[in-house]
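Have a look at the structure below, then the notes.
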Amino acid sequence: MAVLETFNWSPQNGPTADIQHRNTEVQYGDGYAQVAGDGINTESQKWPLTFIGMKEDIMPILAFLRAHAGVRAFKWVNPLGELGLYRASDIKPTMIDFARMSVTVTFASAYRAEPT
């Protein structure tokens, strides 16, 4: 099994998470509803992040994200202090001027089966 890399860069302050829970609900005729988690990984997180700095500091971030190609998961400690597996999507590099640039990206929860 491949070793997971760790994303160690810090984003701009103030990222806002979108935390969703996947549930199954059965509604009965008398108004009663039965709700249960759908699967073993019911919570998913999305973190839209922004990195701004000098081009030579941002390019390694962009290289890491492109190398994982939105397919390979990596370890990351989110702003809540929780270590998890994530995948990157919606990668958008922007040149601010000749020396500075930004990268916006969304990290989404990733899951993998444990080896038996």
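By a 1.4 Å probe calculation restricted to protein chains, Ser102 has an accessible surface near 20 Å², given to the nearest 10. Amide H contacts of Ala110 (H built 1.01 Å from N, in plane; Pro and chain starts excluded): Leu85, Tyr86, Arg87 sit under 5 Å, all sequence-distant by 5 or more or on other chains. Residues within the reach of a label modelled at Thr104 (point 7 angstrom out along Cα to beta-carbon, backbone nitrogen below 15 Å), restricted to the range 36-64, are 47-53. For the pair Ala63 and Ala17, what calculated FRET efficiency results from E = 1/(1 + (r/R0)^6), where r is the Cβ-Cβ distance and R0 = 25 Å, to the nearest 0.05? Approximately 0.50, to the nearest 0.05.
Sort Tyr111, Tyr32, Tyr86 by heavy-atom solvent-accessible area, probe 1.4 angstrom, most to least.
On the way: Tyr111 100, Tyr32 130, Tyr86 10 Å².
Of Tyr111, Tyr32, Tyr86, the descending order of accessible area is Tyr32, Tyr111, Tyr86.
Under the simplified labelling scheme, the Ser44-Tyr32 pair shows an inter-label distance of 3.1 nm, with each label point 7 Å from Cα along Cα→Cβ.
Accessible surface computed residue by residue for the chain, with neighbouring protein chains in place and a 1.4 Å probe, gives 67 Å² per residue. Between helix 55-68 and the chain there is an angle of about 40 degrees, using the helix long axis and the longest principal axis of the Cα atoms.
Counting protein heavy atoms only, the range 40-115 has 58 percent of its accessible area on carbon and sulfur, 1.4 angstrom probe.
Restricted to Cα atoms, the chain shows a radius of gyration and a Dmax of 18.0, 66 angstrom. Using a cutoff of 8 angstrom between alpha carbon atoms and counting only pairs six or more residues apart, the relative contact order for the chain works out to 27 percent.
The values are calculated or read from the model by the stated rules, or taken from the named source; none is laboratory data. Worth saying up front: this structure is predicted, and the values here are computed from it rather than measured. Because the Cβ atoms are built from the backbone with ideal geometry, glycine has one as well, and the counts that use them run over all protein chains shown. The accessibility values were calculated without ligands, DNA or RNA, using every heavy atom of the protein model including side chains. Shrake-Rupley method; radii C 1.70, N 1.55, O 1.52, S 1.80 Å.
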